[in-house]
Every structure is written in C-alpha cells, then in structure tokens.
Amino acid sequence: MKLIFNHSYSIFNVDTPLIFLQTEKEDESYKFMFENGWIPFYENKKEYWYQTKSSRLKINQISNKRKSELNKIKISNYTSNQSIELPIELNYYNSGNFEDFFFDDIFWGRIHYYDNQIMFSIMNKTNNKKSYGTLSYYYLLDRFLGKYEYLYITDYFAQFSYKQNLPGFEYWTGNKWLNT
C-alpha cells in the first residue's frame, strides 16, 4: 500500500487541522481495504482510497414491515425521469463495476461491486414521505442476504447520524469496528 498525503483535500477545523490520507491499493484485497476503513474514490479514471470514519451494515433479514413498504415501490434499473441526471463521470462514485437502481422514477442509488465486497452510495436526495433513502438500505439488505456479509455505506459523520438507526450498523473508529 502506498500512502499519499494530499493536502489539497485537507481542511482546518477551528482548532484542529484535518489531514486527508489516501492510498493506492497495491497487493491488498478489496476486503482488506474495506475492513480497515478505506473508501474508494476515482480521480482522472484512477482508483484511490481514503481513510475515514466509514460505516457498514451487517447483512441480515429485514422485517416484514420493511418488506411490505418495499413492495409498494416500483423498483427498476432505468428511469424516464429527466430531472435525474446520470453522470458520465463522478470522481467519488464511478467504480466502473456498478449498478444503478431507481425507486418510483424519483430516487436513484448506485451499488458498487468490488470482487467479494459491495458498497452503496445514495445519489440524489428526495423529500418524500416514502423515505426512499432509508428504504434503499433495506432493499439492499434484503437483496444481498446470503450473498455478502456487509454492505459498506461510506462515511459516518454527524450529518449521517441517521445511519446508526439502520439494522446491523457499525462504524470504523480508526482501529476497529463498533456498533452504536
């Protein structure tokens, strides 16, 4: 693993400098990278990884209530909604091996496949009573039950605190995974 200190992504937070640490994966497996808190991103079509307070969900059975909610949603791999702009290139989200899905032609999510690991990123926000963002996690937990151990769900900071209410939630402290 080749560590890269890229200060162009670093910030100063009143009292503390926050240093952005990235790496280029060499012989490490994708499982190793995810299990050690690394999240992939892409710059100039090249894969890098950054160290963060990442999060994941242990893939387990979802409740019948959530299954019922999902059954009321049209789920597809395409959209006719012109207001959802599918990017040609997104630095953070374009792994090359991904799958897009849509809820009721309103919500868009992306699943990234990395050998025997998967990562999910929410692509657009919707203020809708159906709670598409939250339901997308349940959809993926149900869909990948028995196929993967974890669903990696990227960063976990204050603005993402809702994630801690999801079943099987864990976050990376910098040296171990904890559940709340």
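The values are calculated or read from the model by the stated rules, or taken from the named source; none is laboratory data. Just so it is clear, the model here is predicted, and its values are computed rather than measured. Cβ coordinates were reconstructed from backbone atoms using ideal geometry, including for glycine residues, and neighbour counts include every protein chain displayed.
Points worth noting:
- When each of K129, K176 is tested for being surrounded by fewer than 14 Cβ atoms within 10 Å (Cβ to Cβ) and closer than 19 Å to E35 by Cβ, the lone residue that passes is K176.
- The set of residues in the stretch 20-49 that are of a type in the set (F, W, Y) and surrounded by 14 or more Cβ atoms within 10 Å (Cβ to Cβ) comprises F20, Y30, F34, W38, F41, Y42, Y48, W49.
- Close pairs (9 angstrom Cβ cut-off, 6 or more residues apart or separate chains): of a type in the set (D, E) in the stretch 44-61, not in a strand (DSSP E or B) anywhere: E47/K25; E47/S95; E47/G96
- Among the residues of the stretch 100-124, those that are part of a loop (DSSP other than H, G, I, E, B) and in contact with a strand residue (DSSP E or B) (Cβ under 9 Å, 6 or more places away or on another chain) comprise D104, D105, M123, N124.
- When residues of the stretch 98-141 are limited to those that are at pLDDT 85 or above and among the polar types (S, T, N, Q), the one farthest from F160 (Cα to Cα): N116
- When S55 is tested against the conditions (1) outside any strand (DSSP E or B); (2) small (G, A, S); (3) at pLDDT 85 or above, the lone failure is (1).
- Taking the listed residues N81, N64, N77, N60, the one that is within 26 Å of E149 (Cβ to Cβ), surrounded by fewer than 18 Cβ atoms within 10 Å (Cβ to Cβ) and at pLDDT below 95 is N77, with no other qualifying.
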